[in-house]
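K.L.:
Before I ask anything, here is the structure I am working with.
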Amino acid sequence: MRILMVLTYYYPHWTGLTAFAQRIAEGLAARGHRVTVLTSRYTRSLASEEVHNGVRIVRVPSWCRLSRGQVMPALAPALRRLVPEHDVVQVHTPMLETWLVAAIAHRAGRRVLMTHHGDLVMPAGVWNQTVQRIVGCLLSRGAQAADRISMYTKDYTDHSEFLRPHRDKVVAVYPPVVFPRPNPAAAEGWRRSLGLDGAPLVGFAGRFVEEKGFDYLLRAIPRLAERHPSVRLAFAGETGVVYEAFYRRCLPLIEAHRDRLAMLGLITDPQRMADFYAMCDVFALPSRSDCLASVQIEAMLCGTPVVATNIPGAREVVRVTEMGRLVEPRDPCALADGLADVLDDPARYYRSYEAIRAIFDPDRAICDYEALLGEMTACCEGEHCDAA
């Protein structure tokens, strides 16, 4: 197949969305398909075109950043040029130009798979909520135009106001999580170098943004310390997120518990990240909203149980693996108790690497996408695709 993937950010940009998209693209390319990624040139240091791990990357200039997105007037001409060269189009959302991708693809007789990575949830504030409403309307138009929609879990689909009207064309596909095994000696050495040897250690990771709920974790520390007085927390991720001031708002909480916090910054090396998970006794996912965070699967693959909030999508991993606890969302006391329970008896929640990998098998995920895209390509060969 000749597959055109469209998304706002791609390699070397790194979020859960871009990581999943890159693994799908490279996994399909490794199976012999010709994969082109059309994305933003969000910084001038990036090449306009290059090949990375068998995937052709075409980047269109960005005039400016708009909240979490990029303004790309050159996207439409690039789509008109590239779509006819491919058999099928996959667009990764949230992306406000999804409706445009579908319209151009359908005019060229190509079908569109919309792979949704979670509803856009913005912080409070007039500007943020205006952006959410505008993008939401454009995404709904795109979802209506898409021929099929893939989402990580049925649970999230059933509870998403955005996806519910389109449930008849949604298929659930677990994301392809590829991750190295940790180095136990390196993990122990790192923990020792941080002065955390012997202390119960809670890990958390990701962009320090409101939807991740890290403020609830910070508020849970006093209650958690009542049961585990020597407890420490380690954070791996970005704090200076340009489109959100959440970290700045959390600074009083961070300063109040500075003696218990190790702020490690963004870790881009997968092996180093695997060692981070391995040195933690439990991993916390206190999200307000999260469709299925890869960090919890990565932590489990490294032998670390997870305490996650019981919200649609995010609860899937703990539910199907039983490697951790689910707690009430937006409740620091419930979060503290869940973390303390796992720290009290970690062996109760342990599952083997093989057990986790059997559930979240990246090869099976790529096979599922290959079959789905192949089915859509076959449909296009046998009939005309209606215009959006």
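K.L.:
Radius of gyration and Dmax for segment 230-284's Cα atoms, expressed in Å?
P.N.:
12.5, 35
K.L.:
In units of 2.2 N^0.38 Å, what is the alpha-carbon radius of gyration of segment 184-359? Display every interim value, and only then the final one.
P.N.:
On the way: Rg = 14.8 Å, N = 176, 2.2 N^0.38 = 15.7 Å.
Normalised by 2.2 N^0.38 Å, the Cα Rg of segment 184-359 equals 0.94.
K.L.:
Considering the dipole of segment 184-359 built from charges on the beta carbon (Lys and Arg +1, Asp and Glu -1) around the Cα centre, which of ILE356, ILE311, LEU233 is farthest to its positive end?
P.N.:
The listed residue farthest towards the positive side: LEU233.
K.L.:
Suppose we flag chymotrypsin sites (Phe, Trp or Tyr not before Pro) only when DSSP calls them loop and at most 16 other Cβ atoms lie within 10 Å. Which is the longest uninterrupted stretch of the chain?
P.N.:
Working: sites that count: TRP14, TRP63, TYR243, TYR350.
Here the longest segment lacking exposed loop sites spans 64-242.
K.L.:
Continuing with this model, one more query. Kindly write out, for segment 315-321 in residue order, the coupling ³J(HN,Hα) from the Karplus curve 6.51 cos²θ - 1.76 cosθ + 1.60 (θ = phi - 60°), rounded to whole Hz, with x marking Gly and Pro.
P.N.:
7, 4, 5, 5, 4, 7, 9
K.L.:
Would you work out which of THR153, LEU343, LEU79 lies farthest towards the positive end of the dipole of the chain, given +1 charges on the beta-carbon of Lys and Arg and -1 on that of Asp and Glu, about the Cα centre?
P.N.:
Looking along the dipole axis, the top candidate is LEU79.
K.L.:
Let me ask something additional. Report, in deg cm²/dmol and to the nearest 500, the calculated mean residue ellipticity at 222 nm for the chain, where each DSSP H run with n ≥ 4 adds -39500 (n - 2.57) and the sum is divided by the residue count. All intermediate terms of the calculation are to be shown ahead of the outcome.
P.N.:
Details: 14 runs with 159 residues, N = 388.
Result for the chain, helices only: -12500 deg cm²/dmol.
K.L.:
Also, I was wondering about something else. Mean Kyte-Doolittle of at least -1.0 and a Cα length of 24 Å or more along the axis: which whole DSSP H helices of the chain meet both? Can you show the working numbers first?
P.N.:
Details: long enough: 126-145 (29 Å, 0.23); 362-382 (30 Å, 0.02).
Qualifying helices, which must be both long enough and hydrophobic enough, are 126-145, 362-382.
K.L.:
OK, next. Would you kindly calculate the mean projected area, averaged across all directions, of the convex hull enclosing the Cα atoms of segment 10-74, in square nanometres? The partial results should precede the final answer.
P.N.:
Numbers: hull surface 17.5 nm².
Averaging across all directions leaves 4.4 nm² for the Cα convex hull.
Quick note: the coordinates plus some simple rules give every number you see, no bench work behind them. Here the structure is a predicted model, which is why all the values come from computation and not from measurement. We place every Cβ from the backbone using ideal geometry, glycine too, and count neighbours over all the protein chains shown.
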